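Okay, structure first, notes after.
The values are calculated or read from the model by the stated rules, or taken from the named source; none is laboratory data. Keep in mind it's a predicted model, so treat the numbers as computed, not measured. We place every Cβ from the backbone using ideal geometry, glycine too, and count neighbours over all the protein chains shown.
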Amino acid sequence: MTGERLRLMAVHAHPDDESSKGAASMARYAAEGVDVLVATCTGGERGDVLNPHYPPVTGGPAEMNAIRRAEMAAAAQALGVRHQWLGFVDSGLPEGDPLPPLPEGCFALVPLEEAAEPLVRLVREFRPHVITTYDPTGGYPHPDHIMTHRVSAEAFAAAGDPERYRDSGEPWTPLKLYYNHGFSMARIRGAHEALLARGLESPFGEWVESRAAREIPEREVTTRVVCADWFDARDAALRAHATQIDPTGFFFAIPRDVEREDWPFEEFELAESRVPTSVPEDDLFAGVREVVA
């Protein structure tokens, strides 16, 4: 790689999101010399313990915050990336009918410009060429994921404008914005069919053909980054989030040899580009490398 060092910023809602969405791609780019920074909006302090093998956390949000900070540090080390907290408080996932109100002061209730300012400041400081985040639905309807999309879109639009966020650093214009696809239904269905074709039992069973699964909307895939050589780094990062990730659960349900053979890439959706490019792409920096070099 010649010219200026390439920089990638991945914006996520909670610690563990970075390890389940685009993690192997980040590890690949970091290994290739790209400067990769994960920005995490909240501390995940209202998250539940989702790993049935993990002991109960009894100290409330403060203890959970401390645990998840340590987990995040281990995950970042596994991926070979840098990390920055944006400092907001987890909103929790409201449940019930009707849904209860969100906790006062949580991330999802912060006014947009106030919530986006730390990210604008970080974009201007780190100067990423490419930003990845969530689509407008958040990927799933967690209020923090939806808010993460909103602040990321705001930062992408505003960071290069000297008239906006005037006290938040020197303007910087990122060149491309992507949405993560994570575990799409196409990927799950593909894994299901690959396992059956090999005479293996599929952990996804009849669910992939259920009405609920068929009605999950599929967003456009524009970019596939081949990253199978970094699945081990991704898995290590996932296991680092021990309060959240069951090492025998969903994220490890697809045999890795099957995944490497049939789905050796991660998928993204190009939301906006300020450089010439054409889709489909196989590189988040397509069109950027030429400009930077």
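I'd like the residue in segment 1-15 that is in contact with a Ser or Thr (Cβ under 8 Å, 6 or more places away or on another chain) and of a type outside the set (A, V, I, L, M, F, W, C) and, out of all such residues, is nearest to residue 77 (Cα to Cα). The qualifying residue nearest to residue 77 (Cα to Cα) is 15.
Looking at segment 124-138, is at least one residue surrounded by fewer than 24 Cβ atoms within 10 Å (Cβ to Cβ), modelled with pLDDT under 95 and within 26 Å of residue 62 (Cα to Cα)?
Here is the first cut: in segment 124-138, the residues surrounded by fewer than 24 Cβ atoms within 10 Å (Cβ to Cβ) are 124-127, 135-138.
If we keep only those that are modelled with pLDDT under 95 as well, we get 137-138.
So of that shortlist, the ones also within 26 Å of residue 62 (Cα to Cα) come out as 138.
Yes, that holds for at least one residue.
I need the full set of residues from segment 220-246 which are closer than 26 Å to residue 270 by Cα, surrounded by 15 or more Cβ atoms within 10 Å (Cβ to Cβ) and charged (D, E, K, R), in order please. Listed by number, the residues that qualify are 224, 234, 235.
Could you list, in sequence order, all residues of segment 165-175 that are in contact with a Pro (Cβ under 9 Å, 6 or more places away or on another chain) and surrounded by 15 or more Cβ atoms within 10 Å (Cβ to Cβ)? Reasoning before the result, please.
Start the filter on segment 165-175 by keeping residues that are in contact with a Pro (Cβ under 9 Å, 6 or more places away or on another chain), which leaves 165, 168, 170-172, 174-175.
Passing the criteria: 165, 168, 171, 172, 174, 175.
Within segment 1-33, the set of residues being modelled with pLDDT of 95 or more and of a type in the set (Gly, Ala, Ser) comprises 10, 13, 19, 20, 22, 23, 24, 25, 27, 30, 31, 33.
Quick check on residue 206: is it farther than 23 Å from residue 135 by Cβ, surrounded by fewer than 19 Cβ atoms within 10 Å (Cβ to Cβ) and of a type outside the set (Phe, Trp, Tyr)? Let's see the steps before the verdict.
On the way: farther than 23 Å from residue 135 by Cβ: yes; surrounded by fewer than 19 Cβ atoms within 10 Å (Cβ to Cβ): yes; of a type outside the set (Phe, Trp, Tyr): yes.
Taking the combined requirement at face value, the residue satisfies it.
Please state which one of 219, 189, 234 is farther than 15 Å from residue 25 by Cα and either in contact with a Leu (Cβ under 6 Å, 6 or more places away or on another chain) or part of a helix (DSSP H, G or I) (or both). Step through it out loud before you land on a result.
Working: 219 fails: either in contact with a Leu (Cβ under 6 Å, 6 or more places away or on another chain) or part of a helix (DSSP H, G or I) (or both); 234 fails: farther than 15 Å from residue 25 by Cα.
Step by step, each of 219, 189, 234 is checked, and only 189 is farther than 15 Å from residue 25 by Cα and either in contact with a Leu (Cβ under 6 Å, 6 or more places away or on another chain) or part of a helix (DSSP H, G or I) (or both).
For segment 190-202, a tally of residues being in contact with a helix residue (DSSP H, G or I) (Cβ under 8 Å, 6 or more places away or on another chain), surrounded by fewer than 16 Cβ atoms within 10 Å (Cβ to Cβ) and of a type outside the set (A, V, I, L, M, F, W, C) returns 2. Would segment 155-164 turn up any residue that is within 26 Å of residue 223 (Cα to Cα), crowded, with 21+ Cβ neighbours inside 10 Å, small (Gly, Ala, Ser) and out of contact with any Phe, Trp or Tyr (no Cβ under 8 Å at 6 or more places or on another chain)? Yes; the residues of segment 155-164 include at least one that is within 26 Å of residue 223 (Cα to Cα), crowded, with 21+ Cβ neighbours inside 10 Å, small (Gly, Ala, Ser) and out of contact with any Phe, Trp or Tyr (no Cβ under 8 Å at 6 or more places or on another chain). Looking at this structure, is residue 286 assigned to a loop (DSSP other than H, G, I, E, B) and more than 24 Å from residue 17 (Cβ to Cβ)? Taking the combined requirement at face value, the residue satisfies it. Only one of the listed residues (91, 19, 25) is among the small types (Gly, Ala, Ser), buried (at least 24 other Cβ atoms within 10 Å of the Cβ), in contact (Cβ under 8 Å) with a residue 60 or more places away in the chain and in contact with an Asp or Glu (Cβ under 7 Å, 6 or more places away or on another chain). That residue is 25. Scanning segment 247-282 for residues that are among the charged types (D, E, K, R), surrounded by fewer than 16 Cβ atoms within 10 Å (Cβ to Cβ) and assigned to a loop (DSSP other than H, G, I, E, B) yields a single hit, 282. Residue 82 meets the conditions (1) over 21 Å from residue 173 (Cα atoms); (2) free of Cβ contacts under 8 Å to residues at least 60 places away in the same chain in every case but one. The failed one is (1). Elements of the type strands (runs of 3 or more DSSP E) sitting completely within segment 22-141 and holding at least 1 residues that are more than 25 Å from residue 223 (Cα to Cα): these cover 35-42, 82-88. Whenever a residue of segment 30-53 is closer than 20 Å to residue 108 by Cβ, its partners that are among the hydroxyl-bearing types (Ser, Thr, Tyr) and modelled with pLDDT of 95 or more, lying with C-beta atoms within less than 6 angstrom and at least six residues away or across chains, give the pairs 41/148.
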